[in-house]
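Here is the structure we will look at, set down as structure tokens.
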Amino acid sequence: MHGKRSLLDKMPGDDWQRFANLRLLLTYQWTYPGKKLLFMGGEFGQPREWNHHGSLPWHLADEPRNAGVRALVRDLNRVYRGLPALHRRDHDADGFAWLSWQDDANSVLSYIRRDGDDHAVVLLNFTPVPRHGYRAGVPVAGRYREVLNSDSQYYGGSNVGNAVVDTESVPCMGHAHSIVVSLPPLAGLILVPA
């Protein structure tokens, strides 16, 4: 652990980008199959590597950007616990399906987490550029709502989002229906059928 730096300290860019990248990483980690683990201060974005000779800089947990990371981790835990599609089939191939892993032109990863007929769509934008009008395939027609947006103003983001989107009968990413969304910069979205 010594000399490896904190997660926040490893992030590139200015302060806004570093915190946005950390929130994106946490959203990716919580929505991807596997168990979740943070180390000593990662839950509020401590700027320095943990030192066993001292305490964590808890006073930073109330600073606006750090409080945003802390609120995001709280809400990720809530969504993770509340959506069985995100955790119940972690070790089952049917619990995960890529929408697109090859959108290198936009630096976007997208996938579906499933638990039987229940599912969540995850869209991750790894650039500081918002992607308005981004089309993603979805498994069922209807309305989708955001249950988490790591770019929300509540987490210190720029508040680019969608709230609710309706599907269109336009095939995309191997699905008969799709949605058109605004992908926030350096951020992840979790959408579920409304």
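Every read-out reported here was derived from the displayed coordinates using simple, explicitly stated rules and does not represent laboratory data. Values in this document were obtained by computation on a predicted structure and should not be read as measured data. With ideal geometry, Cβ positions are generated from the backbone for all residues, glycine too; neighbour counts draw on all protein chains shown.
I need 9, 115 ordered by Cβ neighbour count within 10 Å, fewest first.
Details: 9 14, 115 17.
Lowest to highest Cβ neighbour count: 9, 115.
Just from its helices, what would the mean residue ellipticity at 222 nm be for the chain, if runs of 4 or more DSSP H residues each count -39500 (n - 2.57) and the sum is divided by every residue, rounded to the nearest 500 deg cm²/dmol? Numbers along the way, then the final one.
Working: 3 runs with 40 residues, N = 194.
Value at 222 nm, helices only, nearest 500: -6500 deg cm²/dmol.
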| field | Alpha carbon convex hull of region 60-148, volume per residue in cubic angstrom | value | 137
| message | For residue 96, what residues show an amide H to amide H distance below 5 Å, using hydrogens built from the backbone and excluding near sequence neighbours? | response | 114
| Other-chain or far-sequence residues with amide H under 5 Å of residue 177's (modelled H) | 138, 172
| message | Could you work out how much longer the chain between residue 78 and residue 35 gets when fully extended? Use 0.36 nm per residue separation minus the Cα distance between them, nm to one decimal. | response | 14.0 nm
| request: Any chance you could give the angle, 0 to 90 degrees and rounded to 10, that helix 64-82 forms with the longest Cα principal axis of the chain? | output: 50
| query | Which of 90, 14, 75 moves the most in a Gaussian network model of the chain with Cα springs under 10 Å? | reply | 14
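May I ask you to derive the FRET efficiency for residue 58 and residue 176 from their Cβ-Cβ distance with R0 = 45 Å, giving the value to the nearest 0.05? Mind dumping the intermediate values first?
Working: r = 50 Å, r/R0 = 1.12.
FRET efficiency, residue 58 to residue 176: 0.35.
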| query | In whole Å, what is the distance between the alpha-carbon centres of region 3-45 and region 98-139? | reply | 20
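Once the Cα gyration tensor of region 7-82 is diagonalised, what are the square roots of 5 times its eigenvalues, in whole Å and ordered largest first, as equivalent ellipsoid semi-axes? Write down the numbers at each step before the final one.
Details: eigenvalues 78, 43, 31 Å².
In descending order, the three semi-axes are 20, 15, 12 Å.
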| said: Give me the percent relative contact order of region 1-156, please, defined on Cα pairs under 8 angstrom at least 6 residues apart. | reply: 22
| said: For a distance above 17 Å, tell me the whole-number percent of Cα pairs in region 98-194 that qualify. | reply: 45
| query | Quick one: Karplus J couplings for region 135-143, per residue in order, coefficients 6.51, -1.76, 1.60, θ = phi - 60°, nearest Hz, x for Gly and Pro? | reply | 9, 9, x, 9, x, 9, 7, x, 10
| Interchain or long-range residues, amide H under 5 Å from residue 187's placed H | 125, 127
| note | Per principal axis, largest first, the Cα atoms of the chain extend in Å by 58, 33, 27
| request: Quick one: order 11, 173, 40 by neighbouring beta-carbon count within 10 Å, fewest to most. | output: 40, 173, 11
| Ranked packing of 15-26, 56-67, most packed first, by mean Cβ within 10 Å | 15-26, 56-67
